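Read the structure below first, then the notes.
Only the coordinates and a few stated rules stand behind these numbers; no lab work does. Just so it is clear, the structure is predicted and the values come from calculations on it, not from any experiment. Ideal geometry is used to build each Cβ from the backbone, glycine not excepted, and the neighbour counts take in all protein chains shown.
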Amino acid sequence: MHHAEDTRPGPLGESGFATGLRWAETADAQALAGSLTAQLEGREVVKNPHATMAWARQAVRSPALVEEVAGLLGGSVAVENTFLILKPPSSAFTVPWHQDGINERLQLDPGLAVTAWLSISGADADNGAVAVLPGSHTAGWRPFTADAATGPEGSGRGRPLVIAEPSDADQACVVAVPAGEALLMDVRLLHRSGPNTTARHRIALNIRYVAPGGVRPRGGHPMPQLDRVCGPGW
Ligand SMILES: O=C(O)CCC(=O)C(=O)O
C-alpha cells in the first residue's frame, strides 16, 4: 500500500507531542476512574463514548483542553472520534505501533487535527502508558495493514490497522501521564502501549480533534459525523 507523504512539522513542532496539560483535577479524574471501573467491568474498549456518555461529552469539552486545542488548530474544533481504553490489573492488552490520523476510511490533515490522550486513572511504564517515537511524524504516513487481533481498532473501534515495527523503536519514550493530565500528539506520531503489569487499573480516553477541512474520507467511505465543540466554519 502507498500513501502520500505529509512531512510538514505540524502544530506540535519537532517532537510531535506535548505533555503537562491539565484537563481535570486529580481527585475528580481518580473518582471518574473508579466509577468507570465499576460500570464497565470486563470491557477493554468503548467506542465513541462522547456520543453516549455524559462524562465523556463533558471531558472532550474541558475548558483548558479546548482552549489549547483551539489555539493549535486555529479556533474551530470538533470531535471526529473517541475511544476509551481500559486495562485492568494484570492485563496483557497492548496496542501495536500505529498512527492515529489514517485508516481505511479517512485521512486527517496533520495541520488541522490533533490527538488528545486523557489520563483518567494515571498511567506509567508499569501499568501500560503510551510510548511515543519522538519526531516520527515528519517522516509522513506509513503503510499500514489490518490486524484484527490486537489494538483498539481491532477491538471494535472500526477498521483495524497496524504498521511495521519501526527500525528505530529503541528511541521510543514511555510517557507517564498523571490522572487528570493529557498527552497531545500529532496525528502522524508513531505510538504504541504495553501491558498493565500492576494491581492498578489504567484508563484513558483518546480524542481525535479536527478543524474545518481536517478530514478527508478515503476508499469511498462517507464523511464521518463530527461533534462540534467550538468556533465557526462547521
Ligand atoms: O491507550 C492506549 O493504551 C493506547 C491508545 C492509543 O494508541 C492511541 O491513543 O491511539
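Quick one: among His137, His191, His221, which has the greatest mean-square fluctuation in a GNM of the chain with alpha-carbon springs under 10 angstrom?
Result for the chain, Cα springs under 10 Å: His221 fluctuates most.
Give, as a single signed number, the net charge of other residues whose beta carbon lies under 9 Å from the beta carbon of Asn127, with Lys and Arg counted +1 and Asp and Glu -1.
Its environment carries a net charge of +1.
List residues of the stretch 95-123, by number, whose backbone nitrogen lies under 18 Å from a label position 7 Å along Cα→C-beta of Trp234.
109, 112-116
Of Ala204, Ala78, Ala169, which is the most mobile in a GNM of the chain whose springs link Cα atoms less than 10 angstrom apart?
Ala169
Label-point separation (nm) for Gln225 and Glu104, each offset 7 Å from Cα along Cα-to-Cβ?
2.2 nm
Going by C-beta contacts inside 10 Å, put Met53, Met185, Met223 in order with the fewest on the left.
Met223, Met53, Met185
Starting from the amide H of Asn81, placed 1.01 Å from N in the peptide plane, find each other amide H under 5 Å away whose residue is 5 or more places distant or on another chain.
Result for Asn81 returns Arg208.
Along the Cα→Cβ direction, 7 angstrom out, place labels at Glu44 and Glu14. What is the inter-label distance in nm?
About 3.8 nm, to one decimal.
With n ≥ 4 as the cut-off for DSSP H runs, can you work out [θ] at 222 nm for the chain, using -39500 (n - 2.57) per run divided by the number of residues, rounded to the nearest 500?
Computed mean residue ellipticity for the chain: -4000 deg cm²/dmol.
Once you list every other residue whose beta carbon is under 14 Å from the beta carbon of Ala172, what net charge do they have if Lys and Arg are +1 and Asp and Glu are -1?
-2
Tabulate in residue order the Karplus-calculated ³J(HN,Hα) for the stretch 220-230, using 6.51 cos²θ - 1.76 cosθ + 1.60 with θ = phi - 60°, rounded to whole Hz; enter x for Gly and Pro.
For the stretch 220-230, the Karplus-derived couplings read x, 7, x, 4, x, 6, 9, 9, 4, 10, 6 Hz, x marking Gly and Pro.
In Å³ and rounded to a whole number, note down the convex hull volume per residue for the Cα atoms of the chain.
Hull volume normalised by residue count: 113 Å³.
Using a 7 Å offset from the Cα along the Cα-to-Cβ direction at both Asp28 and Asp170, what is the distance between the two label points in nm, to one decimal?
4.4 nm
Highest GNM mean-square fluctuation, the chain, Cα pairs closer than 10 Å: which of Arg22, Arg105, Arg142?
Checking each option, the largest mean-square fluctuation is seen for Arg105.
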